[in-house]
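Down below is the structure, laid out as structure tokens.
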Amino acid sequence: MTARRERSRGGARAGSGARRNPSQRRDRTGETVARPKVERVAFDLAGDAPAVVLNPERERSLLRGHPWVFSGAIDRVYGDPGSGATVRVMTADGRAAGLGAFSPQSQIRVRLWTRDAAAVIDGAFFRERVRAAIERRRALLGPESLAACRLVHSEADGLPGVVADRYGDVVVAQFTSAGAERWRDAIVDALEAETACRAVYERSDAEVRELEGLEPRTGVMRGALDRGPVEMVEHGLRYRVDVARGQKTGFYLDQRDNRARVRDLAREADVLNCFGYTGGFALAALAGGARSVVSVDSSADALALARENLDANRLDAARAEWVEADVFQHLRQLRDAGRSFDLIVLDPPKFAPTAAHAERAARAYKDINLLAFRLLRHGGCLVTFSCSGGVSADLFQKIVAGAAVDAGADAQVLARLQAAPDHPVMLAFPEGEYLKGLILKKF
Ligand code: SAH
């Protein structure tokens, strides 16, 4: 800790030139003023809620609107806050920067609930946050999409660690931070009240909970759920969603509008749909008039549901082929068999959850994109995605460009894709921008 502080101080000195007394800082006019002692802040807070005081060299990001405080950015903690407790976040010179949830085990030690230090964090606060999030969707989406959409998207809706997806009259909620866990009941009450849904099902089984010291938990939280999948409609197509055993909360709602793009590209096309899950892109392509669609996924359960989804929409089953296989291997088999396609979709799982995995992920992205370029006919389109938070849109395009070069393919960027608007991104929180895609036309 000391070493880290010393290093960052050194960095600051390098910029400003002169060595400064650490108990002094410059105000806006450049005058050197005495910095109030942190002890004074403690005195002011006596008897008040627990508080964290930021390291003066590390408070910039929070003051610029980022909602996280890393453990290394905290100078002192007052009051002994437990997991998920509300803490006041103070700058080194004693200003209140907001209220957040404390997470003693996570490197992300505090996630901010609000910048209004006078706010009260209680059930009514969460009811209002949930109401506002749903209201924003109402302004964005038509009635059909509103019935199957992401209602709450974590930091972007002022509810870090909370995700809520609606599938018809069932809401699936996921809590992945200590603060979200602490207020879970209040948030679920709000979701139930604001949506009048039949059931709320919990899918708090994401791995990231471990980093917060939380056990996985799943099950019905409110109402009752029949056995078997829940029904939803997306762009006129019916999908069955297994909210209890499916991946994430059951369906990849973030690809809604990108599936519509694929539908528009699919007329008369031979389509290869890699990482097909429960048939999202496959059904979209068939509805768009595809001649044939080969879908590849390693999950037999997902493919079984994909077949049911196809039947539920009375699409021509003879045009659809479902292959249970590893995409990396199957692409090679298709190449060796001399197969080719007019439209290829690559929608792999998260290869790089954080930037630390970026290099290995880059190799995996390059591999599948290179093979896809080889399998693509001239004039055909590759629709390729990355949902890795650790790979930026810029880096992803570079990786795909490298794949095209190695495949000897010339390609044009027809469009850049992102998650549907019910998965918003805050400008001050670029980490929230996880899904990026490209539509590329091969010459
Ligand atoms: N395109 C889908 C979502 C894909 S999610 C949609 O629109 O709904 C990623 C999918 O990749 C999952 O279904 C998972 O089972 C599958 N998967 C993960 N690794 C795989 C691999 N190596 N080979 C084949 N499928 C894989």
Condition check: open to solvent by 30 Å² or more (accessible area, probe 1.4 Å), assigned to a strand (DSSP E or B), at pLDDT 95 or above and more than 13 Å from Y167 (Cβ to Cβ). Does R240 satisfy that? no
Would you mention how many residues in region 116-159 are touching a Pro at 6+ places or on another chain (Cβ under 6 Å) and more than 27 Å from H235 (Cβ to Cβ)? 1
Look at region 249-281 and say how many of its residues are more than 8 Å from the ligand (Cβ to nearest atom), in a loop (DSSP other than H, G, I, E, B) and open to solvent by 10 Å² or more (accessible area, probe 1.4 Å). 2
Only one residue in E181, E202 is open to solvent by less than 10 Å² (accessible area, probe 1.4 Å), of a type in the set (D, E), in contact with a strand residue (DSSP E or B) (Cβ under 7 Å, 6 or more places away or on another chain) and modelled with pLDDT of 95 or more, so which one is that? E202
Number of the condition not met by D301 [criteria: (1) surrounded by fewer than 22 Cβ atoms within 10 Å (Cβ to Cβ); (2) within 12 Å of the ligand (Cβ to nearest atom); (3) within 21 Å of I368 (Cα to Cα)]: (3)
Residue hits (region 325-352; within 12 Å of the ligand (Cβ to nearest atom) and free of Cβ contacts under 8 Å to residues at least 12 places away in the same chain) are Q329
Could you tell me which residue of region 354-368 is farthest from L272 (Cα to Cα), considering only residues that are open to solvent by 70 Å² or more (accessible area, probe 1.4 Å) and within 14 Å of the ligand (Cβ to nearest atom)? R360
Restricting region 314-324 to residues that are within 25 Å of D264 (Cα to Cα) and open to solvent by 30 Å² or more (accessible area, probe 1.4 Å), which is nearest to the ligand (Cβ to nearest atom)? W322
Can you tell me which residue within region 287-298, out of those that are under 30 Å from D205 (Cβ atoms) and hydroxyl-bearing (S, T, Y), is nearest to the ligand (Cβ to nearest atom)? S298
Test each condition in (1) under 19 Å from N369 (Cβ atoms); (2) buried (at least 24 other Cβ atoms within 10 Å of the Cβ); (3) within 12 Å of the ligand (Cβ to nearest atom) for A284 and report the one that comes out false. (1)
Among the numbered criteria (1) within 19 Å of P160 (Cα to Cα); (2) part of a loop (DSSP other than H, G, I, E, B); (3) of a type outside the set (A, V, I, L, M), which single criterion is violated by R88? (2)
Could you list, ordered by first residue, the pairs with Cβ atoms under 6 Å in which the first is in region 115-128 and in a helix (DSSP H, G or I) and the second is open to solvent by less than 60 Å² (accessible area, probe 1.4 Å), at least 6 apart or interchain? G123/A186; F126/W183; F126/A186; F126/I187; F126/A190; R127/A190
Does region 90-112 contain any residue that is of a type in the set (V, I, T), more than 29 Å from E207 (Cβ to Cβ), free of Cβ contacts under 8 Å to residues at least 24 places away in the same chain and surrounded by fewer than 20 Cβ atoms within 10 Å (Cβ to Cβ)? no
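The values are calculated or read from the model by the stated rules, or taken from the named source; none is laboratory data. If you're wondering where the values come from, they're calculated on a predicted model, not measured in any experiment. As a convention, Cβ positions derive from the backbone with ideal geometry for all residues, glycine included, and neighbour counts pool all protein chains shown. Note: accessible area is taken over every heavy atom of the protein model, side chains too, but ligands, DNA and RNA are not part of it. Shrake-Rupley method; radii C 1.70, N 1.55, O 1.52, S 1.80 Å.
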